[in-house]
Amino acid sequence: MTYLWWQKGIVYQVYPRSFADTNGDGVGDLRGVLSKLDYLEWLGVDAIWISPVYPSPMADFGYDVSDYTGVHPIFGTLSDLEELIERTHQRGLKLLLDFVPNHTSDQHPWFREARSSRDNPKRNYYLWHDPRPGGGVPNNWLSVFGGSAWEWDAASGQYYLHSFLKEQPDLNWRNPEVRRDMYAAMRFWLDRGVDGFRVDVLWHLIKDAEWRDNPPNPDYSPDQVPYNALLPTYSTDQPEVHEIASEMRALLEQYPERVLIGEIYLPIRRLMAYYGTSAPGAHLPFNFQLITLPWSAQQVSAAISEYEGSLPANAWPNWVLGNHDQARIASRVGLAQARVAAVLLLTLRGTPTMYYGDELGMRDAMIFPEDMQDPQGKQIGVSRDPARTPMQWSPGLHAGFSQATPWLPVGYDYQHCNVECEAEDRFSMLRLYRRLIELRRTEPALSVGCYKPVLAQRQLLAYLREAGDQRFLVVLNMGSRPDHLSLSGIGEGEIVVNTDPRREGERVTNRIVMLGDDAAVVRLRPH
């Protein structure tokens, strides 16, 4: 069977504001990404996904787009992005863009026209509604960033919907003209050679046509974010959204080997529908279980089995360990278990997505209130800034990210947690990632082979990856106590990658002993 690059490869997310600054303004830029292609090639990843770099007022740092076919000057120019596309391809790498279709900026020309009068041709590009009889918001829908999802527009006497900030009005995807213009924007980038898109909040695109109130969440508790007080039954994941995913997929199919990735936070059963219902949908609906699940061997093992068992025919799995909206893995589970998590991510069946800096063991930074930038943090007190701090390149000034004061403070541990130091340390997180990636790239059993769970007790998670006569056993100790796994019926072999490199080359026969916070990849001898 022939596998496409996005099935065999590894996706690496770059948050461009925080990756590398070349013009000395304290904000990362496209030339910064260009300057680090040597590093990404050395690391061994296959595709770079860059978060939005479009023109934007930056109310939500680029996720409020005012022009879908340009580049914000803070990041550089359109020619810089075209050069980045060309130079990634020269190195055999792919480049993916973030596409933000649910909403625009309130400064987008479409919205400026839409709010100018009720009879403006662009009015129906957005979701407008009269007040309830007697006054007040049209329904009880909530914004993810806190408060009502409705904003009153006094000039035109109606409310408009915003699922996020009021500066991010939602588009009306039931309008064929919106679809036409948004697909034209996607084509603009495809024609320039981008290799696909990560589609922001794909499951939000269609809303209930009857505008019904969302029901209360029976499991809500006051320690959760306000948005969770209601179940978004009518404001997200509507059946008609799958038609849009299929139209996006059909557009990408007109270009060779492009990939459509959907950001979707839904339970597994509902997530599977985004692979396509009546027609093919997203190639990779993001699977966030390794972010959202409690970190326990039994729960992760059960989730892997449920996910593998739920995949539609010919659907390709994927796994995500971190992103720009979530606490970093090293902060969620600790540095020792973050090493175990690296082995898990890069040996499971399916496309892995890495988040910049996780390969170093970067942790959430402490952000003082006066340094907070994230609008979500300012509105509901849950800031994403700690996971967005500058990439730590060296022990030098500002971790080698910039010569100027960075837009967010660098992590306190940058003098030893950085690329320059870790590249020379065989015990480092970075060298572990590189060994795993190199093994994955050279062994079809690990990149495209089948997955078979192995029964393990207590705090161990174990599975086989097989292709032809190649067999690998992966054993993860997701606890801090030593444990062991019997190899009866499995076979014997040699440890080829371990969280402690001193164990690499060790032979295992009847059983494998696992230290606390330990993970091993064992090459099994042929039957």
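The values are calculated or read from the model by the stated rules, or taken from the named source; none is laboratory data. The shown structure was predicted, so the numbers you read here are calculated from the model rather than taken from an experiment. Here the Cβ positions follow ideal geometry from the backbone for every residue, glycine too, while neighbour counts run over all protein chains shown.
Show the residue pairs that are 6+ apart or on different chains and have beta-carbon atoms under 8 Å apart, the first residue being within region 442-457 and under 20 Å from N314 (Cα atoms), the second being in a strand (DSSP E or B) and at pLDDT below 95.
Pairs found: none.
Please verify whether region 361-383 includes one or more residues that are assigned to a helix (DSSP H, G or I) and under 19 Å from the mean Cα position of the chain (by Cα).
yes
Being without any contact (Cβ under 8 Å) to a residue 40 or more places away in the chain, over 22 Å from T277 (Cβ atoms), more than 24 Å from the chain's Cα centre (by Cα) and in a loop (DSSP other than H, G, I, E, B) is the filter here; which residues of region 207-239 pass it?
Selection gives P215, N217, P218, D219, Y220, S221, P222, D223.
Tell me which helices (runs of 4 or more DSSP H) are completely within region 1-79 and hold 2 or more residues being at pLDDT 95 or above and more than 18 Å from the chain's Cα centre (by Cα), or say none if there are none.
Where helices (runs of 4 or more DSSP H) fall fully within region 1-79 and carry at least 2 residues being at pLDDT 95 or above and more than 18 Å from the chain's Cα centre (by Cα), they are 30-35, 37-43.
Which helices (runs of 4 or more DSSP H) does region 245-346 wholly contain that include 1 or more residues that are closer than 22 Å to P386 by Cα?
Where helices (runs of 4 or more DSSP H) fall fully within region 245-346 and carry at least 1 residues being closer than 22 Å to P386 by Cα, they are 289-292, 329-333.
The rows are residues; the columns are (1) closer than 26 Å to R328 by Cα; (2) loosely packed, with under 15 Cβ neighbours inside 10 Å; (3) not assigned by TED's automatic domain parsing to the domain that holds L344.
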{"residue": "P285", "(1), (2), (3)": "yes, no, no"}
{"residue": "Q289", "(1), (2), (3)": "yes, no, no"}
{"residue": "T292", "(1), (2), (3)": "yes, yes, no"}
{"residue": "A297", "(1), (2), (3)": "yes, no, no"}
{"residue": "A313", "(1), (2), (3)": "no, yes, no"}
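Counting only residues that are of a type outside the set (G, A, S) and closer than 16 Å to D200 by Cβ, how many does region 234-251 have?
Counting residues in region 234-251 that are of a type outside the set (G, A, S) and closer than 16 Å to D200 by Cβ gives 5.
Of the residues that sit in region 195-206 and are of a type in the set (A, V, I, L, M, F, W, C) and buried (at least 23 other Cβ atoms within 10 Å of the Cβ), which one is nearest to the chain's Cα centre (by Cα)?
V199
Quick grid of which residues meet (1) surrounded by fewer than 22 Cβ atoms within 10 Å (Cβ to Cβ); (2) small (G, A, S); (3) more than 22 Å from R31 (Cβ to Cβ):
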{"site": "M58", "(1), (2), (3)": "yes, no, no"}
{"site": "D67", "(1), (2), (3)": "yes, no, no"}
{"site": "G70", "(1), (2), (3)": "yes, yes, no"}
{"site": "E82", "(1), (2), (3)": "yes, no, no"}
{"site": "I85", "(1), (2), (3)": "yes, no, no"}
{"site": "T88", "(1), (2), (3)": "no, no, no"}
{"site": "K94", "(1), (2), (3)": "no, no, no"}
{"site": "S105", "(1), (2), (3)": "no, yes, yes"}
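What about R435, is it of a type outside the set (G, A, S), over 20 Å from A315 (Cβ atoms) and surrounded by fewer than 22 Cβ atoms within 10 Å (Cβ to Cβ)?
yes
Do you know which residues across region 504-527 are loosely packed, with under 14 Cβ neighbours inside 10 Å and within 20 Å of L346 (Cβ to Cβ)?
G505
Looking at R87, R132, which one is at negative phi and part of a loop (DSSP other than H, G, I, E, B)?
R132
Which of (1) crowded, with 21+ Cβ neighbours inside 10 Å; (2) not in a loop (DSSP other than H, G, I, E, B) does Q392 not meet, given it meets every other one?
(2)
Which is in contact (Cβ under 8 Å) with a residue 40 or more places away in the chain, within 21 Å of I206 (Cβ to Cβ) and of a type outside the set (S, T, N, Q), of L127, L95, L37?
L127
Select from region 405-461 the residues that are of a type in the set (D, E) and in contact with a Ser or Thr (Cβ under 6 Å, 6 or more places away or on another chain) and list them in ascending order.
E420, E422
For every residue, the table says whether it meets (1) of a type in the set (V, I, T); (2) buried (at least 22 other Cβ atoms within 10 Å of the Cβ); (3) assigned by TED's automatic domain parsing to the domain that holds W295; (4) outside any helix (DSSP H, G or I).
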| position | (1), (2), (3), (4) |
| --- | --- |
| F427 | no, no, yes, yes |
| S480 | no, no, no, yes |
| S488 | no, no, no, yes |
| E494 | no, no, no, yes |
| R502 | no, no, no, no |
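Condition first: closer than 25 Å to Q224 by Cα, in a loop (DSSP other than H, G, I, E, B) and either touching a residue at least 24 places away in the same chain (Cβ under 8 Å) or in contact with a Gly (Cβ under 7 Å, 6 or more places away or on another chain) (or both). Can you find one or more residues in region 98-120 that meet it?
Yes, there is a match, as at least one residue in region 98-120 is closer than 25 Å to Q224 by Cα, in a loop (DSSP other than H, G, I, E, B) and either touching a residue at least 24 places away in the same chain (Cβ under 8 Å) or in contact with a Gly (Cβ under 7 Å, 6 or more places away or on another chain) (or both).
Here are some conditions: (1) under 19 Å from P101 (Cα atoms); (2) small (G, A, S); (3) buried (at least 20 other Cβ atoms within 10 Å of the Cβ). G276 meets all but one. Which one does it not meet?
The failed condition is (3).
Looking at region 246-269, can you tell me whether even one residue there is closer than 23 Å to S447 by Cα, surrounded by fewer than 16 Cβ atoms within 10 Å (Cβ to Cβ) and more than 19 Å from the chain's Cα centre (by Cα)?
Among the residues of region 246-269, at least one is closer than 23 Å to S447 by Cα, surrounded by fewer than 16 Cβ atoms within 10 Å (Cβ to Cβ) and more than 19 Å from the chain's Cα centre (by Cα), which makes the answer yes.
Pull out all pairs, ordered by first then second residue, where Cβ-Cβ is under 9 Å, the residues are six or more apart or on different chains, the first lies in region 149-175 and is buried (at least 24 other Cβ atoms within 10 Å of the Cβ) and at pLDDT below 95, and the second is among the polar types (S, T, N, Q) and not in a strand (DSSP E or B).
Partner pairs satisfying both residue conditions: none exist.
Residues that are at pLDDT 95 or above, over 25 Å from S310 (Cα atoms) and hydrophobic (A, V, I, L, M, F, W, C): does region 230-237 have at least one?
Yes; the residues of region 230-237 include at least one that is at pLDDT 95 or above, over 25 Å from S310 (Cα atoms) and hydrophobic (A, V, I, L, M, F, W, C).
Output the residue which, of all residues in region 408-425 that are among the acidic types (D, E) and in contact (Cβ under 8 Å) with a residue 40 or more places away in the chain, is surrounded by the most Cβ atoms within 10 Å (Cβ to Cβ).
E422
Within region 207-221, is even one residue under 27 Å from P57 (Cα atoms), surrounded by 16 or more Cβ atoms within 10 Å (Cβ to Cβ) and touching a helix residue (DSSP H, G or I) at 6+ places or on another chain (Cβ under 9 Å)?
No, because not a single residue in region 207-221 is under 27 Å from P57 (Cα atoms), surrounded by 16 or more Cβ atoms within 10 Å (Cβ to Cβ) and touching a helix residue (DSSP H, G or I) at 6+ places or on another chain (Cβ under 9 Å).
What residue, among those in region 429-478 that are small (G, A, S) and part of a strand (DSSP E or B), is farthest from W42 (Cα to Cα)?
Once the filter is applied, the top-ranked residue is A462.
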